[in-house]
Amino acid sequence: MAWYPDAVKMELQPESDSQEAIRPTQFIVHSIVAPWTARRTYEYWRDSTNLESHFGVDYEGTVGQYIGTETRADANAGANRRGDGTGAVSVETASNTKATDPWNAKQVEDLIAIGVWLYQRHGIPLRICRTHSDPGFGYHSMFPQWSTSGTACPGPARIKQFREVVFPGIVARANGKTTEPEKPSTPAPTTPVTPPKEADMPDLLTESSPAKAEVPGGKWSLLAMAKDSALLQGPCLYSVTAYATVIGTPGTRVEGRFQDLTLSTKRASLDLPMDAGVIGPDGRLDVALTRPGKLAAGVQLRFELLASAPVTVTYRVLRGLVWR
């Protein structure tokens, strides 16, 4: 039985001993449609249902592991365990009660870290699953065989993140290892692991700032992610996502937009505003806005935030892929 080394272990008994063994060949991500902690998810699996996932990831960056990755879990219908003994490793992630919110920065980091570990530990190939039984990475609604009654899980916002941020992040980090990965404890899948060519691999960008930033109401404000407000400087191709935790009065609407600033002329080319959402009853909104593009030499990428009333940004991260 394999355990993810950074997870809080909350093994389900007797499920973890009585269920069949699997040879993990897939990683499937879910949203649990509840803003639960990893421990509350564990209690739900233990006390309220005989179904479960291998992992749970909450909003605060806690990873709970409820069952070993070489034991069948029940979250993926036909992918739980196939006749040849292969099966999927599953992760539930905290969400709002409509499963419409994006993963926050901590959840994205956890999903990438788990995905890299599964590649190293079990040899899950660095590709998105091409069929319901094809080894690789996917999300719950990708194939009907993975759900008994149909599902939209994990929702459009998170599906977009999976394809543009999470999976590319797994590939980039796994490919950038300077030491030999741990050998799988189980036989390698019949389909060989074929990482992308190094020449095609982008740099993985992660910048963050824990410092608070006050954003006045009704005015566009530059939001720095690290040392200054310049997120990137050309020449480069990129696909980045700006994450921010915004605290303020419930009902406050928040928008974001990217801009290209030409350093020689100090002239900015502004994107159309993107709706980031409305601050909820708990006084919090997790923003995640994505932009792919190309920067010429001498051009910087920046990010602005607009709120209908004064707000405080308490946490911000820029994550993405950059080709230079």
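Some notes on this structure:
- Residue pairs meeting the criteria (Cβ under 6 Å; at least 6 apart or on separate chains; first open to solvent by 60 Å² or more (accessible area, probe 1.4 Å), in segment 10-33; second part of a loop (DSSP other than H, G, I, E, B) and not charged (D, E, K, R)): VAL33/SER95; VAL33/ALA99
- Strands (runs of 3 or more DSSP E) within segment 10-81 that include 1 or more residues touching a Pro at 6+ places or on another chain (Cβ under 6 Å) and at pLDDT below 95: 23-31
- Set PRO216, PRO235: member being open to solvent by 10 Å² or more (accessible area, probe 1.4 Å), farther than 20 Å from LYS294 by Cα and more than 21 Å from the chain's Cα centre (by Cα): PRO216
- Complete set of residues in segment 103-133 that are assigned to a helix (DSSP H, G or I) and farther than 15 Å from VAL89 by Cα: ALA105, LYS106, GLN107, VAL108, GLU109
- In this structure, SER141 does not qualify as open to solvent by less than 20 Å² (accessible area, probe 1.4 Å), more than 15 Å from PRO24 (Cβ to Cβ) and out of contact with any helix residue (DSSP H, G or I) (no Cβ under 7 Å at 6 or more places or on another chain).
- In segment 49-74, the residues that are farther than 17 Å from VAL108 by Cα, open to solvent by 20 Å² or more (accessible area, probe 1.4 Å) and in contact (Cβ under 8 Å) with a residue 12 or more places away in the chain: ASN50, LEU51, GLU70, ARG72, ASP74
- Elements of type strands (runs of 3 or more DSSP E) in segment 240-324, at least 2 residues being at pLDDT below 90 and open to solvent by 30 Å² or more (accessible area, probe 1.4 Å): 267-270, 274-278, 284-295, 311-323
- Close pairs from segment 292-314: first of a type in the set (Val, Ile, Thr), partner surrounded by fewer than 19 Cβ atoms within 10 Å (Cβ to Cβ) and part of a strand (DSSP E or B), Cβ under 6 Å, at least 6 apart: VAL299/THR262; THR312/GLU214; THR312/ILE247; VAL313/ALA213; THR314/THR245; THR314/ILE247
- Test: residue in segment 198-209 that is of a type in the set (A, V, I, L, M), crowded, with 16+ Cβ neighbours inside 10 Å and at pLDDT below 60: yes
- Output for segment 87-115, where each listed residue is under 24 Å from ALA77 (Cα atoms) and β-branched (Val, Ile, Thr): VAL89, VAL91, THR93, THR97, THR100, ILE112, ILE114
The values are calculated or read from the model by the stated rules, or taken from the named source; none is laboratory data. In this text, all values refer to a predicted model and were calculated from it rather than measured experimentally. Glycine gets a Cβ as well: all are built from the backbone with ideal geometry, and neighbour counts include every protein chain shown. Protein only, heavy atoms only, side chains kept; ligands, DNA and RNA dropped before computing areas. Shrake-Rupley method; radii C 1.70, N 1.55, O 1.52, S 1.80 Å.
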